[in-house]
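Below: one structure, written as structure tokens.
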Amino acid sequence: MSKVQSSELASRRSCEPFNLFVYGTLMKPTVFRAVTGRRLVTDPREADGVEKFLARHAVLADYNKISPDRTYLYAVPDKQGRIHGYIVGPIPAEYLPILRKYEGRNYRQARVKVLTADGKVPAVAFVGNLDQLSHSFGWEFRDHLKQEVLLRGKIEQALAEDESRRLNTGEELSRQALYELHGLTIRDLIRHHFDGGGISNYAIRQAIADEPLREFGEIPSDADADRLVPDYLRMLVRQVIFNKVEDRFREEFRYDLDRVQMSNKFYERTISALAALRTLNAQPKLMNLITGDILEELSFGSDRLVDYVRQAIRSSETVYDPARARQEIQYIRNHMGGGGLPLGAELEFSNIGHNVIGAPTAAGKQRDRQYDGFLYFRDFALDILTWKLGGHLDDHRTKSSPSRRRGFFELALGSLSVEANISKPVTDDPWLLNQCIHAVMEFYDISPHSLHISLQLRSPNKPVPDRPIPLGVMKCLFALTSNLVRRDDGQVEIARLGGGEIVGSKAGMHMLFSDTSRRHSVEDGSRAPASPPGRGRWVQQFKFLRLAKDINYEPIIVALKGLQVHFKPGSFLTASQYQSNPALREMFEELIRWGRAVEPLGTDEMEQFLSGVYDGLMHERRGRPVHNPAYITYCLSDLRVRLKEFNETVRGS
């Protein structure tokens, strides 16, 4: 055959549909879907060659499987060998580049003939690249999905052993329940694997075996405590259902999520968590019916915590619908806008506001009749079950403790480990972050209290120590995010400034307006040499915002970005600043005076605020805007309207 003929044949083949022989991770339907976005089916009547490809049993002769790294399977020539697998297809030629990318450099594409029940069939197979394999081992493997699939297989094996030892039911449902109750351990095993370059099977088995299985704590047998149990159980059941639905999104729509998902510098569950929350929030009656049935079916006095988890997992199938799931992902895809500065959020919930800190028996203290300040948070394993949303109890002293204590129920979105204080940004899209905030508020039947918005900053935008945002601009921010209340003397004040919610005097006068810090996404012990301990990304966290369902935070998040880039403010106000910086102390005291006797904002103050936002947005990334002019105009217009409405409210009161 001439070179011209060979070239024509190769060109023709590259455009033709092909059969694919798979023998490793791609035999798993969830992995095949994650890579290609299409389903594997074994019934010819279901296959349509577009969304669903037929998988048939097949054997590849003269090859054997090896795994020199004990991680991946490679087909290598062996005259005495044969490999069992599937032949999938025909598959459109457009999927070949996707498959090549997935398989990576240690594999090569080969044309083979496999044996099926119908005889020999030509196929494409990705076999071991012998030249490359000799150079590859000892280097880090970089295919995240492959590693994740194989690592989860090892974890599932360890859980099966754990189920046999602890519960011995032999049921898949019990293994899944253990997966939930070992959630923090499994999260950390996966993180350590990717951050530290691998983790042994022995370490996985020991970590799971050594962790005690969480049981219900010893709840006091009094009437007050008894009244709390149903609400804790409802929260437990709803949380498990959320976890399982979010897992289903990631298993069945990995391909779709990877194409909606942002850079890997962001939290990998942002989109799937939002989609799962929206799915559950759209079915409140069904969720209430499910939780009610489980609480009626089981008995808190005799059934174990794992029994409630099992029932919640079983019930999660009722609320999950693949068609709805696809619609939610498409909705998010259609509305995402992107941005420049990476963003994060922490949400605080409390039914009695900041009175939740401390014992309710103290003078003047209210009592939380629903959760008693989340005193029994750990007793119902909520510290484990809420990990995907960064759930923990915050008493403003510590965020992780095995002892009972009262505090805020806090969700640190993007948290990789509350205990290790490591996290990733949630997104860089203000619309998406606003959607996450509101979906979380709708999901939890607890009064929202405070919101912290964080901005991750590069060196050109890093905060300047002791530089504040101008007083007039701060007033505008409080006007946008705080509620006005009338005191007994008739004077109108801003609750956050007049009520002591973000102002304190313990250890010195201070104010929770903004806090500058360095943060990491990996622990010091596993950090790459390029990121030495003591360093980290600059983060500015604005802590003054009220968390409320009636606030659209999207324009406010945009405003905070613009103001941070324009003014480059640092922390405000620490006890040390109050003591040592007269200018900052005077600004603070003037802000408090205004907050306790509110007057309308001046025109110059509003214009200083809006011009600062605009200038910052026009220089957000390397001196240039990242949002289009229409979007910036929309946000500025919304902010201007809200400030005018604030002034009208103040004048009217």
FRET efficiency for Lys79 and His396 from the Cβ-Cβ distance with R0 = 56 Å, rounded to 0.05, comes out at 0.20
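Figure the gain on full extension for Ser263 and Arg593 (residue separation times 0.36 nm, minus the Cα-Cα span) and round it to one decimal in nm.
Values: separation 330, 0.36 × 330 = 118.80 nm, distance 4.45 nm.
That pair, Ser263 and Arg593, stretches by 114.4 nm at full extension.
Identify the trypsin sites (Lys or Arg not before Pro) of segment 468-500 meeting these criteria: DSSP loop state and at most 14 other C-beta atoms within 10 Å of the C-beta. Write out the running numbers ahead of the final one.
Working: sites: Lys475, Arg486, Arg487, Arg496; in loops: Arg487.
Sparse-neighbourhood loop trypsin sites (Lys or Arg not before Pro): Arg487.
On a full-extension model of 0.36 nm per residue, what is the gain between Ala160 and Glu172, subtracting their alpha-carbon distance, rounded to one decimal in nm? Mind showing how you got there, number by number?
Details: separation 12, 0.36 × 12 = 4.32 nm, distance 0.85 nm.
Contour length minus Cα-Cα distance gives 3.5 nm.
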The simple spin-label model distance between Ile98 and Asp62, using points 7 Å out along Cα→Cβ, in nm, is 3.1 nm
Rounded to whole Å², per residue accessible area for the chain with a 1.4 Å probe reads 46 Å²
So the angle from the long Cα axis of helix 582-596 to the longest Cα principal axis of the chain, reported in degrees to the nearest 10, equals 80 degrees
For Lys244, counting only lysines whose alpha-carbon sits under 30 Å away and dropping same-chain residues fewer than eight positions off, the answer is Lys28, Lys52, Lys101, Lys146, Lys154, Lys265, Lys285, Lys388, Lys399, Lys424, Lys549
Share of accessible surface on carbon and sulfur in the chain, whole %, 1.4 Å probe and ligands ignored, is 49 percent
Of all stretches in the chain that avoid GluC sites (Glu not before Pro) placed in a DSSP loop and having at most 15 other Cβ atoms within 10 Å, the longest is 420-653
If the label point sits 7 Å along Cα→Cβ of Gln608, residues of segment 471-501 with amide N under 17 Å come out as 471-480
Length-normalised contact order of the chain, Cα under 8 Å, at least 6 apart, in percent, tallies to 11 percent
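The values are calculated or read from the model by the stated rules, or taken from the named source; none is laboratory data. What you see is a predicted model; the values in this text were computed from it and never measured. All Cβ positions, even for glycine, are placed from backbone atoms using ideal geometry, and neighbour counts span all protein chains on display. For accessibility, only protein heavy atoms count, side chains too; no ligands or nucleic acids. Shrake-Rupley method; radii C 1.70, N 1.55, O 1.52, S 1.80 Å.
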